[in-house]
Structures are given as structure tokens and as C-alpha cells.
Amino acid sequence: MSPKVFALGRFRLSVIPGDHLPPHVHVLTGSGSGDIIVYLDQNSSPRYEKNKSASEKDAKEAVKLVDANLEKCRSSWKEYNPNG
């Protein structure tokens, strides 16, 4: 299980220690089957990738959630991935 950044509604945001670059958070849907990776780009709004189990609607909500909490997500990435 990845360290929890925070949960909001039916989403759980997490960062995996030692994960690959670029910096990103995993957003899991309430069912746990949908995984949306939201990248924490420095110079643009967050972009994402999703698995087949995550809906486009969930992905757009996840991006809004990350965008609204971008600094918290970035600081969590730095805490768990100090070399990246």
C-alpha cells in the first residue's frame, strides 16, 4: 500500500516511495479498481494517464482535485522521493 497523501470523497491520493519520474500522484477511485496517474508538472496544469477501469469522468475529477491541492501533492512527492 502506498503512503496516503489524503482522501477526499471517493478518491485516495498517494505517492509511492522511489517511484519513477516525472513527479506524480496516484489517484485511486473508491472501488480501488481505477488508477489515475496525475503528473505534477511545474509549468503547466496537471496532466494524467488512466487505466481502463477508470472513467474519463473520474480522471477529470482527479485532475481538479490534484490541481486544487497541487502544493500538498508536490511536497508529498518530495518527502517520499527526495532524489526525484
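The numbers here are math on the coordinates, done by the rules we state, and not lab data. Just so it is clear, the structure is predicted and the values come from calculations on it, not from any experiment. Because the Cβ atoms are built from the backbone with ideal geometry, glycine has one as well, and the counts that use them run over all protein chains shown.
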Next item on the list: Determine the dipole magnitude for segment 4-80: charges of +1 sit on the beta-carbon of Lys and Arg, -1 on that of Asp and Glu, nothing else is charged, the reference point is the Cα centre, and the result goes in debye to the nearest 20.
Entry: 180 debye
Note to self: What is the angle, in °, between the Cα long axis of helix 56-68 and the longest principal axis of the Cα atoms in the chain? Nearest 10 is fine, range 0 to 90.
What the structure shows: 40 degrees
Next item on the list: Would you compute, from DSSP H runs of 4+ residues alone, the mean residue ellipticity of the chain at 222 nm, taking -39500 (n - 2.57) per run and dividing by the full residue count, rounded to the nearest 500?
Entry: -9000 deg cm²/dmol
Notebook entry, point to check: Taking only Cα atoms, what is the 0 to 90° angle, nearest 10, from helix 70-80's long axis to the longest principal axis of the chain?
Noted result: 60 degrees
Margin query: Which residue, G9, Y48, V25, has the largest displacement toward the positive end of the dipole of the chain when charges sit on each Cβ (Lys, Arg +1; Asp, Glu -1)?
Written below: G9
Check: From Cα coordinates alone, what are the radius of gyration and Dmax values for segment 1-60 in angstrom?
Finding: 11.1, 32
Check: Taking the chain as a Gaussian network, where each spring joins two C-alpha atoms under 10 Å apart, which residue of S33, S53, S44 fluctuates the most?
Finding: S44
